[in-house]
Amino acid sequence: MQNRPTEPPVKHIVVVGAGTEAWMTALLLVTSKFGARLKVTVLASPTVGISGTGEGSTPWLRGFFDSLGIDEAEWMPVCNATYKCGTTFDGWCTRAGYESWFHPFPSMLDKLTMPQFLRNVHARLNGADIHAHPDRFFMSRRVAIEGRAPRPAHEFPFDIGYGYHFDATLLGALLQAKAVARGVVQVTRRMNSATLDEHGDIRALELEGGDSLAADFFIDCSGFDALLIGRALKTPYVSFSDVLFNDAAITMPAPHGGGPLMSQTVAASLKHGWAWRLPLTSHHDNGYVYSSAHMSADAAETELRTHLGLLDADVPARHLQMRVGRHAKHWNRNCVAIGASQGFIDPLEAIALLSVQRAAASFVDVLERGDLGEAARDAFNDGLNARADGERDYAVAHYKINTRTDTDYWRANAANDALSQPLQMLLRTWLSSQPIAPGIEDGSFGTGYAALSWYGLLAGVGLFPEVRQQGANEAGADLAGIDDLIRRGTLNFPDHRAWLRDIPPHAERIELWRQPADAGRRATLGAL
């Protein structure tokens, strides 16, 4: 007697939302082990758009496309996509030699340079006059600033971690087409309200025109509106506004201009926040993330236009509002919130889609195990809350350790004492010249980001004690050897623009981002 296929614990899931996060979630659901036995419907309001134009990602997105069998040669050209090797943070620090630093995505060659970087950092923390700025130690930065694509020649046996920049509207449309082709049902109607049953679970969605849409389970991908997790289920919200002041943004396109097409995002500090610049194949996407308590929308737009040299240009600007924080529960009753509806961190590290993938993949893993009981819900919520709080702390650290004193905004960030206990512990450990890697590894602090990220941030802004008068000749890393290794290695990477004109399919993948098997088949490189 043959074993019958396992039946899903729920038969019908409705995803509410019209953006990238909704279609990404629907694709992960419909390609779960249950296949056609699980009905997935996306309720996409015709009046809801996608919140931004250009967007960046982490290397997790590589794993997402790979798991669905969608090659870069297929999706990148139609989404105006480019590669991303990391982010340059410009102007966040006024210390000489530390005005800028690059946050790299990891590469295989880091195994050769990372130990030397850490040794120099620890020596510098103990007062040695030794080079400890991260930019000199990682190949990703050189690949990015030389305008190269992170797809090395076949003869070069070292993969390099990378993400993408893309047009979010075009990517949403592509994922929508893929999802529908794989069996997802699309209902294009506006939702008026949700009705609850006698237990407080969502029974059905009431649609414009009088119809109802019933299901066993619901996924809220409605963005900041949080139509289900917030409005219908009244789930408490935990604001991060006491430590993350930015609550508004402006987006604006600009032409490329001359020079190489760098495979990086630039995050430049401005008077009351920071401005991003990310390259698409068609133009540069730009934006200003700022605090409305410190400046008006008109003043912010003027500052961004001045920053871009577009003060008198007829270029449209789009103003957005952000709600920074998270719901106390991401999974409440028969509803899971994914994306901005579950929570949102300052977009400084471009982790919006990373959070979507993590939450959606985690829920699919729970679904495939077949137990949607209270213990599973609690574990799901505890895991995502810990991750969100760790991501908050990493963003907060950027603002807390800044050295700008020219505006009330930057002075308020530096003086902010409403830090979490783990972040206070991490900073105390660093400032006492102790290694922070053990605490990150055992989960005492730094949750959500690898040691490379924390060391890069703190060393990148030069958060070091004064150099000792003695011991200036202490031996450090072989900088000349590292320079030569990175210079020669970078020669194996092609010109970014030329590669994008005709992206070849991956002949083979060195899957740098894969996690151990128990992390799930969709798990990929963690936050960097």
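List of remarks:
- Within the accessible surface of the chain, defined with a 1.4 Å probe on protein heavy atoms only, the carbon and sulfur portion equals 51 percent.
- Overall form of the chain per C-alpha gyration tensor (a/c, 1.5; a/b vs b/c): prolate
- Taking a ≥ b ≥ c as the square roots of the Cα gyration tensor eigenvalues, the stretch 108-227 comes out prolate, since a/c reaches at least 1.5 and a/b is larger than b/c.
- Calculated [θ] (222 nm, deg cm²/dmol) that DSSP helices of n ≥ 4 give over the chain, each run adding -39,500 (n - 2.57): -10000 deg cm²/dmol
- Approximate spin-label separation residue 478-residue 296, in nm, with each point projected 7 Å along Cα-to-Cβ: 6.1 nm
- Helix axis angle, 168-181 relative to the chain longest principal axis, alpha carbon, degrees: 40 degrees
- Amide hydrogen neighbours beyond the local backbone of residue 15, cut-off 5 Å, H modeled: 41, 42, 43, 219
- Amide H partners (placed H, <5 Å) of residue 328, local residues excluded: 237, 238
- Shape call, the stretch 71-141: gyration tensor on alpha carbons, a/c limit 1.5: oblate
- Ranking of 167, 247, 502, 314 by solvent-accessible surface, largest first: 314, 502, 247, 167 (1.4 Å probe, protein heavy atoms only, all chains present).
- Residue pairs exceeding 26 angstrom between C-alpha atoms, taken from 178/329; 33/234; 33/178: 178/329; 33/234.
- With all protein chains modelled, accessible area of residue 487 [1.4 Å, Å²]: 100 Å²
- The long axis of helix 421-431 is offset from the longest Cα principal axis of the chain by roughly 20 degrees.
- Net charge, residue 392 excluded, C-beta distance under 9 Å - Lys, Arg +1, Asp, Glu -1: -3
- Accessible surface computed residue by residue for the chain, with neighbouring protein chains in place and a 1.4 Å probe, gives 41 Å² per residue.
- Cα-based helix-to-principal-axis angle, 352-369 vs the chain, degrees rounded to 10: 50 degrees
- Accessible area, probe 1.4 Å, largest first, for residues 199, 272: 199, 272
- In order along the stretch 9-14, the phi-based Karplus estimate (6.51 cos²θ - 1.76 cosθ + 1.60, θ = phi - 60°) of 3J(HN,Hα) comes to x, 10, 9, 9, 10, 9 Hz; Gly and Pro are listed as x.
- Ordering of 116-125, 378-387 by packing [mean C-beta count within 10 Å, highest first]: 116-125, 378-387
- Which of 100, 296 is most accessible, then next, and so on - probe 1.4 Å: 296, 100
- Cβ-placed point charges (K, R +1; D, E -1), dipole of the chain about Cα centre in debye, nearest 20: 520 debye
- Extension reserve of the residue 468-residue 328 stretch, reckoned as 0.36 nm per residue once the Cα distance is removed: 45.7 nm
- Here the simple spin-label model places points 7 Å from the Cα toward Cβ, and for residue 199 and residue 185 these points are separated by 2.2 nm.
- Area of residue 425 that stays accessible when all protein chains are in place (1.4 Å probe, Å², to 10): 80 Å²
- Sparse-neighbour loop sites [trypsin sites (Lys or Arg not before Pro); the stretch 406-474; at most 14 other C-beta within 10 Å; DSSP]: 468
- Antiparallel DSSP beta bridges within the chain, as percent of all bridges there, nearest 5: 75 percent
- Simple spin-label estimate for residue 7 and residue 502 gives 5.5 nm between the two label positions (7 Å along the Cα-to-Cβ direction from each Cα).
The values are calculated or read from the model by the stated rules, or taken from the named source; none is laboratory data. Bear in mind the structure is a predicted one, so any value in this text is a computation, not a measurement. Every residue, glycine among them, receives a Cβ derived from its backbone with ideal geometry; neighbour counts consider all protein chains shown. Accessible surface is based on the protein model in full, side chains and every heavy atom, while ligands, DNA and RNA are left aside. Shrake-Rupley method; radii C 1.70, N 1.55, O 1.52, S 1.80 Å.
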